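Encoded as structure tokens, the structure appears first; notes follow it.
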């Protein structure tokens, strides 16, 4: 599912950096075919990063346990 703002505006990475934006939209698909926003800091496609994160979460039980513990800690701090 593409992830871009309602009024998606084509912006180059250099323009996004100049405007201090966290994400930008090129209007061109990434090398994996996703038509999605990209992160300004490295140019990575948001959909590719989501897929990588989901794959890592599903295939690595230690990583999954670490993330669950981090979420519990975050929630406990928010309640305190």
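Using a Förster distance of 41 Å, how high is the FRET efficiency between residue 62 and residue 12, based on the Cβ-Cβ distance and rounded to 0.05?
0.55
Distance in nm between label sites at residue 52 and residue 77, each 7 Å beyond Cα in the beta-carbon direction?
2.4 nm
Can you compute the helix-only [θ] at 222 nm over the chain? Use -39500 (n - 2.57) per DSSP H run of at least 4 residues, normalise by all residues, nearest 500 deg cm²/dmol.
Taking each H run of at least 4 residues, the total per residue is -15500 deg cm²/dmol.
Given that just one value was derived from the coordinates, which of [x] 68; [y] 49; [z] 44 is percent of Cα pairs over 22 Å apart?
[z]
What is the gain in length, in nm to one decimal, between residue 70 and residue 28 on full extension, counting 0.36 nm per residue of separation less the C-alpha to C-alpha distance?
11.6 nm
List the relative contact order of the chain as a percent without decimals, with contacts defined as Cα pairs under 8 Å and 6+ residues apart.
20 percent
Bear in mind that the values in this text are calculations on the coordinates, not laboratory data. Given the structure is predicted, the values throughout are model-derived calculations rather than measurements. Cβ atoms come from the backbone with ideal geometry, glycine included; neighbour counts cover every protein chain shown.
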